[in-house]
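Okay, structure first, notes after.
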Amino acid sequence: MKCMKCGVEAVFQRLYSGEALCRNHYLRSVEQRVYTAIKSRRMLTPTDTTAVALSGGKDSTALLHILHGLEKRFPKAKLAAVTVDEGIKGYRREALAIARENCARLGVEHAVVSFKEFYGLSLDAVVRRVRKLKSGLTPCAYCGVLRRKALNHAAKRLNASKLATAHNLDDFVQTLLLNIFHGDIYRLARTEPVTTESGGRFVVRIKPLYEVPEAETALYAYLQGIKFQSTPCPYAGTALRSDLRVIVNGMESKHPGIKYTILRTFEKVIPAIKEETKCVELRTCGNCGDPSIGNLCKPCEMLQQINVI
């Protein structure tokens, strides 16, 4: 199989588009997809300070390298990275080392925020309390909410104007479907490539990889020789997201391109959902002061459930 661009031996074929690409053209195609998403969604300006949410996994590490290449074109732009140490025994230490190594290699400022310091408990400790409560919520439900708050705190500490998360196409589609499964229309309305909150209490979040399938970010990192953690989180299998991943990937294998079809469908209906939910008034969390739908924001509500606040 030959590259359709130059005739050199191809390393990858996109079943959903029919493209066969060599190493160089494949790498360029992924980078171009990210650049196009940034430009079309106006994710970045030439003077932004961007904090990359760097877990040490394939997606966030690939994103760091792609944005580093882009940043070099804009002298007034600045790039930094934030890693959340949730406190997962036997897992997070390797990821932290990899994150530090990649930042040192690129000369990127790196900040680490830990659950233990920020909330007073590691995720492992949170999970032990949650299991005693038998609330039905998975460790991932708590981790996702608490990690978002910690990331915002760290990004503000770096004076970042944008917080780039490495949600790829698969993540984005799964999140859309998860919000439907949970019946969370308000959160569905906010599932977009660029997310802002009123009042300026949250750093603007951008998702430059949202048009790139997970398998393609993994291949990009591999072909670039980027070191990343490949061990999955020990709690990941407990989440509903894991079930959805299997379902959507099964559909994609039978019907190549269906992930993009789901994405495009939601892009058309999200404006109507936003119109339906715009009457929801944001309050101020009675504990931390962050914007909230209820008296407490979701992180504080969860912390209250396990008697942290």
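The values are calculated or read from the model by the stated rules, or taken from the named source; none is laboratory data. Nothing here was measured: the structure is a model prediction, and the numbers come from that model. Cβ placement follows ideal geometry from the backbone for every residue including glycine, while neighbour counts extend to all protein chains displayed. Areas reflect the complete protein model, heavy atoms only, side chains present, ligands, DNA and RNA absent. Shrake-Rupley method; radii C 1.70, N 1.55, O 1.52, S 1.80 Å.
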Worksheet entry | Accessible area of Glu276 in the full protein assembly, 1.4 Å probe (Å², nearest 10) | 140 Å²
Worksheet item: Per residue, what volume in Å³ does the convex hull of the Cα atoms of segment 132-191 enclose?
Response: 114 Å³
Worksheet item: Over the Cα atoms of segment 136-295, what Rg and Dmax result, in angstrom?
Response: 16.9, 49
Worksheet item: Taking the Cβ-Cβ separation of Thr36 and Lys134 as r and a Förster radius of 41 Å, what is the calculated FRET efficiency to the nearest 0.05?
Response: 0.30
Worksheet item: If you put +1 on each Lys and Arg Cβ and -1 on each Asp and Glu Cβ, how big is the dipole of segment 1-153 around its Cα centre, in Debye rounded to 20?
Response: 380 debye
Response to the item:
Descending packing, highest mean Cβ count within 10 Å first, for 230-241, 168-179, 20-31 is 168-179, 20-31, 230-241
Item to complete: Leaving out ligands and nucleic acids, note down the accessible area per residue over the chain with a 1.4 angstrom probe, in whole Å².
Response: 50 Å²
Fill in: Cross-link partners of Lys78 among lysines (Cα-Cα below 18 Å; sequence separation of 8 or more within a chain)
Lys39, Lys156, Lys162, Lys207
Item to complete: Over all alpha-carbon pairs of the chain, lay out the pair-distance distribution in 20 Å bins, whole %, shortest bin first.
Response: 30, 61, 8, 0
Worksheet item: Based solely on its DSSP helices, what 222 nm [θ] is calculated for the chain when runs of n ≥ 4 H residues each add -39,500 (n - 2.57) and the sum is averaged over all residues, nearest 500 deg cm²/dmol?
Response: -15500 deg cm²/dmol
Fill in: Cubic angstrom per residue, convex hull over Cα atoms of segment 29-170
118 Å³
Practice prompt. Would you work out which of Asn159, Val34, Thr196 lies farthest towards the positive end of the dipole of the chain, given +1 charges on the beta-carbon of Lys and Arg and -1 on that of Asp and Glu, about the Cα centre?
Written response: Asn159
Practice prompt. Summarise the accessible area of segment 49-183 (1.4 Å probe, protein heavy atoms) by the percent that is carbon and sulfur.
Written response: 52 percent
Item to complete: With everything on Cα atoms, drop me the angle between helix 58-71 and the longest principal axis of the chain, reported from 0 to 90° to the nearest 10.
Response: 70 degrees
Discussion item. Give me the extension gain from Thr284 to Val112: residue separation times 0.36 nm, minus the current Cα-Cα distance, reported in nm with one decimal.
Written reply: 59.2 nm
Practice prompt. Averaging over all projection directions, find the projected area of the Cα convex hull of segment 1-81 and quote it in nm² with one decimal place.
Written response: 6.4 nm²
